[in-house]
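This report refers to the structure that appears directly beneath it.
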Ligand SMILES: Cc1ncc(COP(=O)(O)O)c(C=O)c1O
């Protein structure tokens, strides 16, 4: 990597000398620019075997200082071959994402400032920017002004925080007494909901047994009648229903639960409604897709991940709640060493989730929102949906391929099935197609199971992905299917 920064390792105290930092900093930025400009030249999926990278790393901790040049060379030669490149335009797996230029610059500055905004006083700008930038994002998505946002690392932690607040609202004694001796809580989500909801149930003492998965319809949406029936049945059996999680953009097929109906059930029965819009919420930034959040104005909480489809580098998850006071009641503890003269007149972010320490994540969010603007973000989301729909149309037009779910956003779920092929035969064939295509290094797609059938997913979400990349993926898939 850098050739321009001599380093004489020494044992004198203190940080890296500033001139050395400057030289390596310039070289690292040059490397990043080079990388981003040519990321498509790397194999998108790492070509290493498990343990291969670990085998190249010394087992013993470093005793003596090393030069930065040597460290950066190891980064390039030891670690880089073990990277799967999420910033590659051929990355179509899971939910494709982008660490955008402004977001990367925000990360760099946040690391330099190393701010921990656990308290307002330890990070006034970070605290107030978090509130303001999340309010901008709320406006961009068309959510009502009543929602207040906080940033967490992931949607998993955002949902955990929301469900803890729901538990607090339902059983305020649980915080002090724990759950033993209290009514058994029941949490509801669809059978298509993300595993993070079950994990939240496990973490919060609700357990997997207390997390009831509701059946979905032919388009993978929660069936509100089945929800209602499950609640009735649980009440009769002595459970205490407390929270329903609806999903806007499920992980497997990007289906959208019928939030307006689910919201009506929650309101009638006094249940907390949490919406997992980790992926799908981003689409609402474009006015023509705002309908994906229909009904969400009635939610108690909603998560959307700027690190999924809003071009902010991982990690950045936004949790919106209608009544932040419930979250505060669920989590706030004030040991003496954290008491400040501002008292309750300010927001102390440590009160709004399980973590004390808070990275300055809003900086990269703020820089990304400002750099692209709402219109710029909407235009990029539109472009992703457009190419995904084009791909879906190619699938539909070829009788040997079929879509297995509606294309609601920028993810296409499909499989190859030649005439006469059984479902079991198609499963094996599609698995092989995926292996072949991914081994080529130009694209990376992932899979799911839809109504028991093996399905390939193509997710468009990277800012470098163009129609040509999607066309290439299609060519590679067809070649693999015929080979
Ligand atoms: C719908 C949905 N919710 C939650 C998550 C979890 O996201 P995170 O990795 O931010 O915890 C995912 C991950 O893909 C998801 O698809």
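The relative contact order of the stretch 252-311 comes to 40 percent, based on Cα pairs under 8 Å that sit 6 or more residues apart.
Fewest to most neighbouring Cβ within 10 Å: what's the order for 232, 107?
Details: 232 12, 107 21.
Starting with the residue having the fewest Cβ neighbours, the order is 232, 107.
If you look at the Cα atoms of the stretch 347-483, you get an Rg and a Dmax of 19.2, 63 Å.
Shape call for the stretch 105-369 from the C-alpha gyration tensor, a ≥ b ≥ c root eigenvalues: rounded (a/c under 1.5), prolate (a/b greater than b/c) or oblate? Please list the in-between numbers first.
Numbers: a/c = 2.12, a/b = 1.29, b/c = 1.64.
It is oblate, given that a/c is not under 1.5 and a/b is not larger than b/c.
Sorted on the mean count of surrounding Cβ atoms within 10 Å across their residues, most packed first, peptides 437-443, 242-248 read 242-248, 437-443. Label zone (residue 84, point 7 Å along Cα-to-C-beta; backbone nitrogen cut-off 18 Å) within the stretch 226-261: 251-253. In plain terms, the residue of 311, 289, 75 with the fewest other Cβ atoms within 10 Å comes first and the most crowded comes last, giving 75, 289, 311. Classification of the chain by its C-alpha gyration tensor yields an oblate form. The axis ratio a/c (a ≥ b ≥ c) is 1.5 or more, and b/c is at least a/b.
Based on C-alpha pairs under 8 angstrom that are at least 6 apart in sequence, the chain has a relative contact order of 21 percent.
Maximal additional length on extending the residue 344-residue 57 stretch stands at 98.4 nm, based on 0.36 nm per residue less the C-alpha distance.
The value obtained for the stretch 276-350, namely the Cα convex hull volume divided by the number of residues, is 125 Å³ per residue. Of interest is the spacing of the C-alpha centroids, which for the stretch 107-176 and the stretch 455-483 amounts to 36 Å.
Quickly rank 324-337, 206-219 as a protection proxy: mean count of other C-beta atoms within 10 Å, highest first.
Details: 324-337: 14.7, 206-219: 16.6.
Put in order of decreasing packing, that is 206-219, 324-337.
Quick one: if you take sqrt(5λ) for each eigenvalue of the C-alpha gyration tensor of the stretch 1-125, what semi-axes come out, biggest first, whole angstrom?
Values: eigenvalues 144, 111, 53 Å².
Semi-axis lengths for the stretch 1-125 are 27, 24, 16 Å.
Estimated from helical segments only, the mean residue ellipticity of the chain at 222 nm is -13000 deg cm²/dmol, where each DSSP H run of four or more residues counts as -39500 (n - 2.57). Stretched out straight at 0.36 nm per residue, the stretch from residue 472 to residue 428 would grow longer than its current Cα-Cα span by 13.6 nm. Once you sort the root eigenvalues of the Cα gyration tensor of the stretch 35-77 as a ≥ b ≥ c, which label holds: rounded (a/c under 1.5), prolate (a/b larger than b/c) or oblate (the other case)? Here the stretch 35-77 falls in the oblate category. Ordering 60, 194 by the number of other Cβ atoms within 10 Å of each residue's own Cβ, fewest first, gives 60, 194.
Mind ordering 12-22, 448-458 by average Cβ neighbours within 10 Å, highest first? Could you put the intermediate results ahead of the total?
Working: 12-22: 10.0, 448-458: 18.1.
Going from most to least packed, we get 448-458, 12-22.
With both residues required to sit in the stretch 238-359, DSSP beta bridges show an antiparallel share near 40%.
FRET efficiency for the residue 336 to residue 370 pair, using the beta carbon distance and R₀ = 25 Å, is estimated at 0.05.
Any read-out appearing in this document is the output of simple, stated calculations on the displayed coordinates, not a laboratory observation. Since the structure is predicted, the reported quantities are computational estimates derived from the model, not experimental observations. Please note: Cβ atoms are built from the backbone with ideal geometry, for glycine as well, and neighbour counts cover all protein chains shown.
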